[in-house]
Amino acid sequence: MQPQTQLSGAPAAGSALGRLWKTGAVVALIMVVLALVGVGLTTVRPLTGRQYWVWLVPVYGLLCVVTAWLRSRRDSAFGVGAVARQALHWLGIGGAVALDFYMRSAGEEAGMTAGYNALLLLAVGCFLAGVHLEWLFVPVGLLLALTLFFVVKASQYLWLILVVGAVVLALVFAVARMLGRRGTVSR
């Protein structure tokens with residue numbers, strides 16, 4: 001029987017790091033699917049779509065806090081402080097969305113703009129969560145920003161977001177499978 005050797009840079013199969021990467025990939029996939037639902041809603045029912053983007057802020061926040069909590073339990077170097085930072089990060093995004101809606105109710109902003117601002121803040125929040133927590137959240141943030149661009153400037157091409165989202169899903173899945181297979185090799 002040949003010994004199994006760890007490839008450099010790849011998490012060992014079944015290791016805590018490998019499970020954390022898989023957790024991040026699953027959460028990123030959930031985020032992309034939720035974003036694709038938002039694209040569909042925005043295409044079919046624009047007012048409902050804008051409300052949906054606002055409701056995604058606490059959902060994405062919860063997903064990121066849970067990811068940070070799981071990582072802090074398995075990776076002592078990560079620490080519980082990361083959970084608090086993610087909670088504050090998403091409370092800040094939620095507060096900005098709430099302030100945006102307050103300004104809208106005061107007549108300072110059009111109703112359509114508030115939904116777009118919520119989507120922009122969601123994109124920035126997700127991108128920054130990717131920078132500080134799990135790199136897979138960066139492409140989700142970029143997908144959300146691309147969605148905003150198409151919703152505002154090129155709504156007739158909004159269906160392209162569905163294609164891009166499907167490609168992002170496929171790439172995340174392929175990378176996760178590839179890294180899972182590379183975890184150990186026989187010598």
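The values are calculated or read from the model by the stated rules, or taken from the named source; none is laboratory data. This is a predicted model, so every value here is computed, not measured. FYI the Cβ positions are ideal-geometry reconstructions off the backbone, even for glycines, and counts take in every protein chain you see.
Based on what the data block shows, is Ala145 surrounded by fewer than 22 Cβ atoms within 10 Å (Cβ to Cβ), hydrophobic (A, V, I, L, M, F, W, C) and modelled with pLDDT under 75? No: the conditions fail for Ala145.
Would you check which residues across the range 42-91 are exposed (fewer than 13 other Cβ atoms within 10 Å of the Cβ), small (Gly, Ala, Ser) and part of a helix (DSSP H, G or I) and list them? Passing the criteria: only Gly81.
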